[in-house]
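For reference, the structure is listed below as structure tokens.
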Amino acid sequence: MADRYSTSQPTISRTIAAMTPVLADATADWIPVADDLDPEVVLIIDGTLLPCWSWADIPDLYSGKHHTTGVNVQVAATGVPDCFRSR
């Protein structure tokens with residue numbers, strides 16, 4: 001991202017660190033947790049590893065399966081457009 005926006009990696013890191021909690025707060029009402037899901041509805045569940053830079057001091061970010069660092073994200077969807085409707 002730093003190259004794309006002609007800035008430094010520390011600036012990108014600070015921006016992401018500052019914006020992450022803002023985005024989490026802004027979208028919290030639309031992101032369900034497992035207890036919010038209807039047990040009678042069939043869901044499509046998948047996971048992916050979102051790559052990130054290497055953090056030597058946070059070994060939990062290393063994926064042995066993918067041989068890289070990243071954040072494991074799990075996604076559940078009903079497969080129909082209304083799966084993102086407001087609660």
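The values are calculated or read from the model by the stated rules, or taken from the named source; none is laboratory data. For clarity, every value in this text was computed on a predicted model and none was experimentally measured. All Cβ positions, even for glycine, are placed from backbone atoms using ideal geometry, and neighbour counts span all protein chains on display.
Select from the range 28-64 the residues that are of a type in the set (Asp, Glu) and either in a helix (DSSP H, G or I) or more than 18 Å from Val75 (Cα to Cα) (or both) and write down the one among them that is farthest from the chain's Cα centre (by Cα). So the residue we want is Asp57. Contact map, the range 22-41: first residue surrounded by 10 or more Cβ atoms within 10 Å (Cβ to Cβ), second residue among the basic types (Lys, Arg), Cβ cut-off under 8 Å, separation 6 or more or different chains; pairs are Trp30/Arg87; Pro32/Arg87.
In the range 1-21, which residue that is part of a loop (DSSP other than H, G, I, E, B) and loosely packed, with under 10 Cβ neighbours inside 10 Å is modelled with the highest pLDDT?
At the first step, the residues of the range 1-21 found to be part of a loop (DSSP other than H, G, I, E, B) are 1-8.
After this cut, where a residue has to be loosely packed, with under 10 Cβ neighbours inside 10 Å as well, the list is 3-4, 6.
Values: Asp3: 84, Arg4: 85, Ser6: 89.
Per the criteria, the residue is Ser6.
What do you reckon, is Asp25 at pLDDT below 80 and either within 19 Å of Met1 (Cβ to Cβ) or in a helix (DSSP H, G or I) (or both)? When the stated conditions are applied, Asp25 does not pass them.
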